[in-house]
Amino acid sequence: MKKLFPLTAALALASLLLAGCWDRREINDLAFVMALGIDKGSRPGTFIFTAQVAVPSEFAASRGQGGGGDRGSPLPPVWITSVEGESLMDARRRLAEWGPRRDYYAHAEVVVLGEELARQGIAEVLDFLQRHPEVRRTSHLFVAEGTAQSILQAHPRLDPIPGMAVRSLVRWSPLAGTAQPVTLQEALCMLFTGRTQLVLPRLALTTALEQPPGQAKPTDAQGGNTSEGGANTSEGSSSDGRREKGGKGPAKEAGEGAPPKPHGSELRLMGGAVFKGDRLVGWLDRRETRGYMWIRGQKHGGITIVSPTPAPPGRASIEIIRGRARLVPELVSGRLRMRVQVKEEGNVVESMAPLDFTKAELVRSLERRTATAIRGEIMAALQRAQKEYRSDIFGFGAAVYRRYPGLWRQIEQDWDRIYPDLEVVVEVTSRIRRTMQTYQGLPLSSSPPQPEQRQGGQTQREGQKSGSSPHQGRSGQGGISSPSARGGTRP
Amino acid sequence: MLERGKISARQLFFLALGFLHGNVAVFSRSTQTKEDIWAAALLAGVGGVLLVYLYTALAGYFPEETPSRYARRLLGRPLGTAVGLLYFWHALYVGALVLRSLGELMTINFYLQTPILVFALSTTLLTTFAVRPGIEVPARMAEIIVPFAPLLLLPLFVLLAVASRIVHLENLTPVLVGGLGPVLKGAWSFLAFPYGELVFFLFIFPALHVPAKARRAAVLAVILCSFYLILFQSLDVAVLGPEASGAEFFPSFIVATMIQIGEFLTRIEALVMVLWTAAIFVKLTVCQYVATLALAEALDLQDFHSLAAAVGALMIALSMLIFSDAPSLVAFFDRYFPFYSLPFYLLLPLLLWAVAKLRGRPGNPAPGQTEQTTHPGGEATRPAPPEQLQEGGVSRAL
């Protein structure tokens, strides 16, 4: 008994001390912030902090009752609140002036940065996010088209909490292969190191419906269909690109083409936002984003459309299943040159021509054309980022640093000047692995309708635009040498 | 020798392992060394093995005594007592540093509003319970909890980190980019902390059943810890980036928070923290025990048990007083600790060893043993206690 007492006392004391009286958080006291939006404030130096808070009761109602709830249209299961502050932390703390619960960020997996703020610089925001243990380093960062506040106000139908909808977008984005998710930690790493510039995915409000009627314009529902020059549907991305080139101001229009409603309520990943240092300098459209992703060797998916044969018109969709890239800096007689070696593997997932894939030469030709198409994407990205934005988003500087650390130390200061004129050699090797469940295409009765021809003309212009890049002349190793008859878009 | 308890070599091994990886895994160390942190850790590991050779060679001269006692015999009574008191101070100070780091770890990452004293108090309460009865309790405790931490956590952690695709191995290149300078600096820092702190085991070696087995157990612990250190430090750099990982207080903790596999296996940092805290606890226990024992022996007390609580109280007070803020704690570990601890972990033991060697075998209570114990692999002539069979289990357990 005498011995038992101190033990019991110690246990009792320990349980008192270890329960965490100071930092106790009851779940019903917490406001679970599902997404965070940060915009530039009305005065210089201020921020607008937007928190999207899950409302548990509505959440349970909308989840539990499924579609056929008692109410006709239940309230959205999120509460959105915005507050302006002198600093981020100031704004965040002011939330407590009207938020009845303590804000809690461990579930905020999405951080949206307003466009204006991004142009001004995001270092302060990243510092804020890094400093607080509640914020996950695996949260994803996005740049809003327009304000972050407007993005957080979206109400997507399928997943009524926009924050979670965006998270799911990230999860399935490899299917389209047109946006590269970036986590907070990856962004921190790039900004700290400074040898690779940041590209964040861009989020826009849009409608779920892309309108096909009116003029006979093919839809771009796949998102980021890109193609070898020739008959294809790259209308979407090319118009996107044209718009975005001029769209350096606040880009207000949503969606692409001309959707009926300019401001939809659905969220969509729309290419990438190019940073230089911590400042937004411009956008990449989907095609350029894909080119960027090829060079970065990141996880791939998405569709590449090629026309397999020159003579009968027809197209095939290649789905990328694997992609790897190597950046090899080379010193050629004292001059630095970057060799980009991309290896791609894909499946034929669609054939719009009566093709017999057991013919080896057909497959080889498809592979060549796929390689050419990929090369075109890469060239587009290079043209945009290297020549126009002059931002080393591809990590060429990092590659030089790894291969020639001594040289890097000498040229590091001048890299901004060297990089735009760096010679880049692109080599693409493409392989087709399988053709899904059939190996022969269905015989088609007629040739494609007229508008296709008009299409071809349109992409031809684009092809020439990217063809004006000085590197285009060199053909890669994947046998990209012989342009097809229709591939006259290539120089 | 006030300590009457005896421990096995296997227990010593786990004690040393827990002690070594106690808080090395959590603190930021990559500020100067960046990409080549693994080389620094490797080099320090080699240095750690050499240190163990020095310590066991020294202990081999006096297999039944602690430095507090034999320093007197080697250097004379006043100087020897001073050496004993110095080691008391060093153990107390390192214990306070570790206690403070544990508190900072908790208050920075989890308990933002809780006073740091709460962690110091509750932890020291427990270590005092462990230290009071003597070395056998910490040894048994280490035998039970340490295997979980490095042996289980390590593969788990690395596997999970790799599987969650957060590891960018290219962050570890180019190799030796800054030349040898940063590597040596990093190794210098790692050598002092944690390997140099093995000097405390001079006070524990005499409690071994078979003192000759000390070397093998300690060397094994150092090797395993180096492995652990290399892997964790490289992982930090690979995941967080060379520059970004240097900016964190607790890079390994951040890595743990980032691990997620699919949608279901996430937020394992609590589990990781439990295991790290257990290891830190072992480290604290050793520090407090050594401080207690060194003080009792230097002051010629009859008994050290009653001192444990007092030493614990001192440790708490010191841990609160040494630094006012967390950044200065990191700065101290990074910049000054290697120099500060140099006399304790290298110069003093080297001096004692040199004097012992010059004097030959002074009035050694167990003559005939010194020669064999100074050679690795030399079997002790003392009759082997029954635990010897069990001790063979060290290699099997690994």
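Values in this text are rule-based calculations from the coordinates and carry no lab data. All values derive from a computational prediction rather than experimental measurement. Note that each Cβ is placed from the backbone with ideal geometry, even for glycine, and that neighbours are counted across all protein chains shown.
Dividing the convex hull volume of the alpha-carbon atoms in the stretch B:12-367 by its residue count gives 124 Å³ per residue. All C-alpha to C-alpha distances of the stretch B:57-211, sorted into 10 Å bins beginning at zero, yield P(r) values of 8, 21, 33, 24, 12, 2, 0 percent in whole numbers. Here each label is just a point 7 Å from Cα along the line to Cβ, and for A:ASN347 and B:ASP303 those points are 7.7 nm apart. Checking every one of the GluC sites (Glu not before Pro) in the stretch B:214-289 against DSSP loop status and a limit of 15 other Cβ atoms within 10 Å picks out B:GLU263.
Structural descriptor for chain B: relative contact order 39 percent, calculated from alpha carbon pairs under 8 angstrom and at least 6 residues apart. Kindly express, to the nearest 10 degrees and within the range 0 to 90, the angle between helix B:307-321's C-alpha long axis and the longest C-alpha principal axis of chain B. Rounded to the nearest ten degrees, it is 40. Annotation for the stretch B:98-157: chymotrypsin sites (Phe, Trp or Tyr not before Pro) lying in DSSP loop with at most 13 further Cβ atoms inside 10 Å of their Cβ do not exist. Remark: spin-label model distance B:TYR336-A:ALA123 equals 3.0 nm, labels positioned 7 Å along the Cα→Cβ axis.
Under 1.5 on a/c is rounded, so check that first for the stretch A:123-210, then, if it is not, pick prolate when a/b is larger than b/c and oblate when it is not; a ≥ b ≥ c are the square roots of the alpha carbon gyration tensor eigenvalues.
Prolate shape, in that a/c is at least 1.5 and a/b is the bigger ratio.
Taking amide H as placed 1.01 Å from N in the peptide plane, A:GLY121 has its amide H under 5 Å from the amide H of A:LEU280, each at least 5 places away in sequence or on another chain.
For the options B:LEU351, B:LEU97, B:LEU43, a Gaussian network treatment of chain B with springs between C-alpha atoms closer than 10 Å singles out B:LEU351 as fluctuating the most.
Here's the picture: a label point sits 7 Å out from the Cα of B:THR266 along the beta-carbon direction, and within the stretch A:148-169 the residues with their amide nitrogen under 18 Å of it are A:159-169. Take the Cβ-Cβ distance between A:GLU330 and A:TYR439 as r, set R0 to 35 Å, and report the resulting FRET efficiency rounded to the nearest 0.05. For A:GLU330 and A:TYR439, the calculated efficiency is 0.30.
Suppose only helical runs count, i.e. DSSP H with n ≥ 4. What mean residue ellipticity at 222 nm does that imply for chain B under -39500 (n - 2.57) per run, divided by all residues and rounded to the nearest 500 deg cm²/dmol?
-20000 deg cm²/dmol
Pairs of Lys residues in the stretch B:12-367 are counted when their Cα atoms are under 28 angstrom apart and they lie 8 or more places apart or on different chains; the count is 5. Of the residues B:ARG165, B:ARG140, B:ARG69, the one that moves most in a GNM of chain B with alpha-carbon contacts below 10 Å is B:ARG165.
Applying 0.36 nm per residue to the separation of B:LEU176 and B:PHE148 and subtracting their alpha-carbon distance, the gain on full extension is 6.7 nm.
Once both labels are positioned 7 Å from their Cα atoms along Cα-to-Cβ, the gap between A:LEU16 and A:LYS2 label points is 2.5 nm.
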